[in-house]
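Right, one structure below, let's go through it.
The values are calculated or read from the model by the stated rules, or taken from the named source; none is laboratory data. Every value quoted in this text rests on a predicted model; they were computed, and no experiment measured them. Using ideal geometry, Cβ is built from the backbone for each residue, glycine included, and neighbour counts are taken over all protein chains shown. Only protein heavy atoms, including side chains, enter the accessible area calculation; ligands, DNA and RNA are left aside. Shrake-Rupley method; radii C 1.70, N 1.55, O 1.52, S 1.80 Å.
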Amino acid sequence: MKSWKVAGLTILACAATGAALGGAMVVFGWYDVSATGSHTVVVHEVLDVAQTRSVQRRAAGIQVPYLDEPRKAREGYGLFQKHCVQCHGAPGIAPDPYALGLNPAPAALVATARDRTAADIYWIIQQGIKMTGMPAWQYRLTDADIWNIVAFMRVLPTLSPADYRNWDKGNEQEPGLEAATPVPATRAGDPVAGRAALQQHLCATCHVIPGIAGARHHVGPSLAGIAQRPYIAGGVPNTPASMERWLRDPAAFKPGTAMPDLGLGAQEARDIAAFLYTLPPVD
Amino acid sequence: MLLGACGDDRPALTPPGLPEQLAGADSARGRLLLAERGCLACHTVPSLSGPASQVGPALDQVPRRAYLGGWLPNTPDNLVRWLLDPSAINPLTAMPDTGLTPEEARDIAAFLLGRP
């Protein structure tokens with residue numbers, strides 16, 4: 001009985017010491033967050049396993065379409081050159097200089113294509129990975145675009161550097177590929193979708209937004225209680241329609257405004273407006 | 001609020017204005033002017049009681065705001081410009097010209113920026 005108690009107390013003491021040390025790491029700034037300071041091998045391994053398992057778990061239900069149509073890889077090649085090669089490089093092509101300083105280092109996608117499943121890669125492109133520099137492309141690319149990139153990545157490990165550079169010579173891209181047709185809004189604004197879209201357009205880097213992590217900056221006005229405000233942009237009546245238009249093209253309302261055009265789609269703007277109108281008056 | 005800010009009294013790279021700007025302005029008079037000139041009809045101000053109007057933005061975070069009228073960098077001198085002629089800064093604005101004298105605008109700016 002007594003030894004059981006001693007064991008219990010020892011475990012408690014160890015846990016308390018661990019928690020105190022962990023807390024001290026945070027409060028006193030002991031942990032090195034610089035991108036030049038590598039994680040230790042153990043920490044890196046733990047994060048890598050956690051990330052791999054997390055992706056596998058979430059991608060498990062994804063249905064992979066047929067990827068071997070030449071058209072898909074061809075379109076994926078254009079998107080890959082436009083959006084991926086800057087950070088990831090390609091056969092014979094280094095990432096851009098800024099990307100060399102990223103930590104964790106952007107994966108060489110030939111290795112990714114060799115190691116990961118189509119569903120996992122699709123999920124990673126769509127959802128991104130927190131604190132790695134890998135962005136979520138869900139709001140920038142359509143599902144079809146993302147699958148086209150996956151289709152091209154299937155070809156990628158088979159290409160020599162010269163093959164990669166000249167790949168489009170024998171695979172002429174169809175004209176108008178880049179010009180995506182605008183997608184109209186098709187349903188009423190959904191605050192839940194709007195919350196997600198808002199986080200994906202970096203609104204939190206400039207505005208106070210109650211309930212959004214990190215949204216505590218005053219570059220733009222606080223969005224707390226925006227539903228109660230009669231005006232937006234300083235003098236435009238605050239209606240759902242004007243809010244949508246403002247979000248999609250601020251400079252059209254107010255030339256010279258510091259609020260940028262973030263490339264929102266019509267449905268995203270409608271959803272974000274719906275979310276903004278749920279915000280409480282006080283942060 | 002932030003752990004990183006605890007006990008750190010080093011200045012920001014770009015602080016919101018220099019002490020000599022608005023030198024001699026009377027912050028206490030500025031506070032009274034906010035009440036006298038009808039500012040509270042549209043704005044809420046933390047230390048003044050009023051109708052809690054939401055027509056214009058709340059004025060509790062003026063020192064931290066990056067822009068005035070949506071684009072003009074928020075400095076003491078620009079805040080005075082804004083108060084004297086809002087529609088010169090933002091032609092769309094619902095904020096009226098309240099007929100302040102330059103001295104009154106400086107007093108109000110001193111109060112809004114939390115000057116002593």
Worksheet item: Filter segment B:12-54 for residues that are in contact (Cβ under 8 Å) with a residue 40 or more places away in the chain and among the polar types (S, T, N, Q); which is farthest from B:GLU104 (Cα to Cα)?
Response: B:GLN21
Fill in: Complete set of residues in segment A:18-50 that are open to solvent by less than 80 Å² (accessible area, probe 1.4 Å), not hydrophobic (A, V, I, L, M, F, W, C) and not in a loop (DSSP other than H, G, I, E, B)
A:GLY18, A:GLY22, A:GLY23, A:ASP48
Worksheet item: So which of A:ALA233, A:ALA193 ends up being surrounded by 15 or more Cβ atoms within 10 Å (Cβ to Cβ) and within 30 Å of B:PRO51 (Cβ to Cβ)?
Response: A:ALA233
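Just the residues that are part of a loop (DSSP other than H, G, I, E, B) and of a type in the set (A, V, I, L, M, F, W, C), please, taken from segment B:76-93.
Residue satisfying the conditions is B:LEU92 alone.
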Worksheet entry | Which numbered condition A:PRO104 fails, given (1) within 26 Å of A:ASP163 (Cα to Cα); (2) open to solvent by less than 60 Å² (accessible area, probe 1.4 Å) | (1)
Worksheet item: Hey, among B:ARG81, B:ARG31, which residue is more than 9 Å from chain A (Cβ to nearest Cβ), more than 16 Å from B:PHE111 (Cβ to Cβ) and open to solvent by 30 Å² or more (accessible area, probe 1.4 Å)?
Response: B:ARG81
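Would you please name the residue that is farthest from the other protein chains (Cβ to nearest Cβ), looking only at residues in segment A:240-283 that are part of a loop (DSSP other than H, G, I, E, B) and aliphatic (A, V, I, L, M)? Show your work before the answer.
At the first step, the residues of segment A:240-283 found to be part of a loop (DSSP other than H, G, I, E, B) are A:249, A:254-265, A:277-283.
Checking the rest, the ones that are also aliphatic (A, V, I, L, M) come to A:258-259, A:262, A:264, A:279, A:282.
Details: A:ALA258: 5, A:MET259: 7, A:LEU262: 16, A:LEU264: 18, A:LEU279: 12, A:VAL282: 9 Å.
Out of the qualifying residues, it is A:LEU264.
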Worksheet item: What is the residue count in segment B:84-102 for residues that are surrounded by 15 or more Cβ atoms within 10 Å (Cβ to Cβ) and either away from every other protein chain (no Cβ under 14 Å) or under 15 Å from B:LEU32 (Cβ atoms) (or both)?
Response: 3
Worksheet item: Got a number for residues in segment B:36-70 being more than 17 Å from B:ARG81 (Cα to Cα), outside any loop (DSSP other than H, G, I, E, B) and open to solvent by less than 50 Å² (accessible area, probe 1.4 Å)?
Response: 3
Worksheet item: Restricting attention to segment B:73-116, which residues are over 18 Å from B:CYS42 (Cβ atoms) and acidic (Asp, Glu)?
Response: B:ASP77, B:GLU103, B:ASP107
Response to the item:
When every residue in segment A:66-100 that is in a loop (DSSP other than H, G, I, E, B) and open to solvent by less than 50 Å² (accessible area, probe 1.4 Å) is compared, the one modelled with the highest pLDDT is A:CYS84
Item to complete: Starting from segment A:214-240, keep only residues that are at positive phi, then list their pairs with residues that are open to solvent by 50 Å² or more (accessible area, probe 1.4 Å) and polar (S, T, N, Q) whose Cβ atoms are within a distance under 9 Å, requiring at least 6 positions of separation or different chains.
Response: A:GLY214/A:THR205; A:GLY225/B:GLN54
